[in-house]
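Peer 1: The following block contains the structure, expressed as structure tokens.
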Amino acid sequence: MTVKGIPLSAETNSAMHLVLAIVQDVDATSLSDSLVLEKFGVTRINTAGGFLREGNASFLIGVEGKRLGELMGIIRRCCVTRTQYVNPLPPIMEPGEFLMPYPVEVQVGGAIVFVLDVERYEQL
Ligand code: 2BA
């Protein structure tokens, strides 16, 4: 049985995955466009990284196991590793002390990807 072309058998449902991909803001539009073009169902959420505290984007993508490789290829192609410089938070200083903070190099991306097994998926 299918609903809008989505197989509902328990067997096929167990092959569904939810991919959570956290990507840099600059890559988000190209990733989103590519996924829609290739007919992946995708939800984009504006998020922020805990370390850099900069905006990034998180994608929720429900995908059948057989398209997982294709999906990972698109994410890999669209999301680029970049170097950023961060000014570390200065330590608490005593009066009269002076510290020149040096920026620290941090590599960000291409993407942080979590692949979760989906127990049940329905489009109601
Ligand atoms: P942020 O937390 O802003 O981290 C940005 C980059 O800073 C990270 O890049 C990593 O290179 C570095 N970084 C993060 N925490 C660090 C720490 N405690 N000490 C030193 N360097 C640190 P990515 O690893 O590519 O991560 C990019 C973004 O993906 C992260 O942004 C965060 O939003 C998310 N992320 C990464 N790992 C995660 C995880 N295990 N769970 C949930 N979200 C994660």
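Peer 1: With axes computed from alpha carbons, what is the tilt in degrees of helix 25-37 against the longest principal axis of the chain, rounded to the nearest 10 within 0 to 90?
Peer 2: With both axes taken from Cα atoms, the answer is about 10 degrees.
Peer 1: Follow-up. If one takes the longest principal axis of the Cα atoms in the chain, at what angle in degrees, from 0 to 90 and to the nearest 10, does the Cα axis of helix 68-78 lie?
Peer 2: Approximately 40 degrees, to the nearest 10.
Peer 1: Something else now. Compute the separation of the alpha-carbon centres of region 73-106 and region 11-66 and state it in Å as a whole number.
Peer 2: Their Cα centres are 25 Å away from one another.
Peer 1: What translational diffusion coefficient, in µm²/s and rounded to a whole number, does the Stokes-Einstein relation yield for region 31-124 at 4 °C and a viscosity of 1.567 mPa s, taking the hydrodynamic radius as the Kirkwood radius over Cα pairs?
Peer 2: Rounded, D is 78 µm²/s.
Peer 1: Another question about this same structure. Where does each of 91-103, 39-51 land if you order them by average Cβ count within 10 Å, highest first?
Peer 2: 39-51, 91-103
Peer 1: In percent, how large is the relative contact order of the chain, given Cα pairs closer than 8 Å and 6 or more residues apart?
Peer 2: About 37 percent, as a whole number.
A short reminder: the numbers here are calculations on the coordinates, not readings from a lab. All values derive from a computational prediction rather than experimental measurement. FYI the Cβ positions are ideal-geometry reconstructions off the backbone, even for glycines, and counts take in every protein chain you see.
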